[in-house]
Amino acid sequence: MEKREELYRGKAKSVYKTDDADRLVLLFRNDTSAFDGKRIEQLDRKGMVNNKFNAFIMQKLEAAGVPTQFDRLLGDNECLVKKLDMIPVECVVRNYAAGSLVKRLGVEEGKQLVPSTFELFLKNDAMGDPFINESHVIAFGWATAEQLATMKQLSLKVNEVLSQLFDDAGLLLVDFKLEFGVFHGQIVLGDEFSPDGCRLWDKETRKKMDKDRFRQGLGGVIEAYEEVAQRLGVSL
Ligand code: TMP
Ligand code: ASP
């Protein structure tokens, strides 16, 4: 496999073509972004930690029957993935109230949500990733009804698998965001799963162990990511 030119540069990752039309290289950079890219800082080791964290989680999900784009690690900051046609919609599952839900509804942070909620956002930084519903996704052709049903079912399956995995490590999976794409006609989990795109709280103390430490200026961002990785048994 040969790495070729840059295809796309996101806020935290860069995507490269390869000599295989069906495969891409993902490069996890140290850039850490919040508020739709309005704040970006470099955090030492973040690219490496998120790349290895993502590889660990994607392999757990694949083993549990969730199709993922992950192929293999290539180095500290890079992995090889399937080339998906990305669906421009973010799927958010929540087990406890936090973040934009608390702002939007004025509910108390930390309230347990039964059942877990499923929300959709349009992936569009310029518009601030607006909240949308299932009929918008279909009416604007971002995904078909069948694709959307699969995305929802897979998001809830990911929640089941990862809630248990994090619980075993003494952590609450508060919420998370997933992105999907299409690979040879099949809906496949894309993007990444790391503490950048989810909320994790210590079960006992409720200490925040995710990107909220960066968003809220709490400090110790990478130290928290590394502690989560170590509790899960991810080798860094
Ligand atoms: P929210 O509370 O801001 O809506 O975010 C819910 C979860 O989704 C949280 O774990 C952060 C994650 N998320 C992202 O990773 N990227 C995004 O662009 C958005 C809107 C949320
Ligand atoms: N990932 C988004 C951004 O970079 C939103 C966030 O995580 O706060 O701005």
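The values are calculated or read from the model by the stated rules, or taken from the named source; none is laboratory data. Model, not experiment: these values are computed from the prediction. Glycine gets a Cβ as well: all are built from the backbone with ideal geometry, and neighbour counts include every protein chain shown. Surface accessibility is based on the protein's heavy atoms, side chains included, excluding ligands, DNA and RNA. Shrake-Rupley method; radii C 1.70, N 1.55, O 1.52, S 1.80 Å.
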Heavy atoms only, probe 1.4 Å: what % of the accessible area of the chain goes to carbon and sulfur, would you let me know? 49 percent
Which residues' amide hydrogens lie under 5 Å from the amide hydrogen of residue 187, considering only partners 5 or more residues apart or on another chain, with H built in the peptide plane? none
Rg [Å, one decimal], Dmax [Å, integer] - the stretch 137-236, C-alpha atoms: 15.7, 45
Compute the distance from the alpha-carbon center of the stretch 162-185 to that of the stretch 85-151, in whole Å. 14 Å
Karplus couplings for the stretch 193-209 from phi (6.51 cos²θ - 1.76 cosθ + 1.60, θ = phi - 60°), rounded to Hz, Gly and Pro as x? 10, 8, x, 6, x, 8, 10, 10, 10, 4, 4, 7, 9, 6, 4, 6, 10
Positive dipole terminus of the stretch 1-118, leading residue within 25, 93, 56 (C-beta point charges): 93
State to the nearest 20 debye the size of the charge dipole of the chain about its Cα centre, where the only charges are +1 on K and R beta carbons and -1 on D and E beta carbons. 380 debye
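Order these peptides, 73-86, 141-154, by their mean beta-carbon neighbour count within 10 angstrom, highest first.
73-86, 141-154
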For the chain, average projected area of the Cα convex hull in nm²: 12.6 nm²
What Kirkwood hydrodynamic radius, in Å, does the stretch 18-66 give when the mean of 1/r is taken over all pairs of distinct Cα atoms and then inverted? 12.9 Å
Using unit Cβ charges (K, R positive; D, E negative) and no other charged atoms, how large, in debye to the nearest 20, is the dipole of the stretch 1-86 about its Cα centre? 280 debye
When the helix-only estimate is applied to the chain (DSSP H runs of n ≥ 4, each -39,500 (n - 2.57), divided by the residue count), what is the mean residue ellipticity at 222 nm, nearest 500 deg cm²/dmol? -9500 deg cm²/dmol
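Could you do me a favour and compute the accessible area per residue for the chain, 1.4 Å probe, result in Å²?
Heavy-atom SASA per residue in the chain reads 47 Å².
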Quick check on the stretch 18-119: take the gyration tensor over C-alpha atoms, sort the square-rooted eigenvalues as a ≥ b ≥ c, and tell me if it's rounded (a/c under 1.5), prolate or oblate. prolate
Ranked packing of 124-133, 13-22, 51-60, most packed first, by mean Cβ within 10 Å: 51-60, 13-22, 124-133
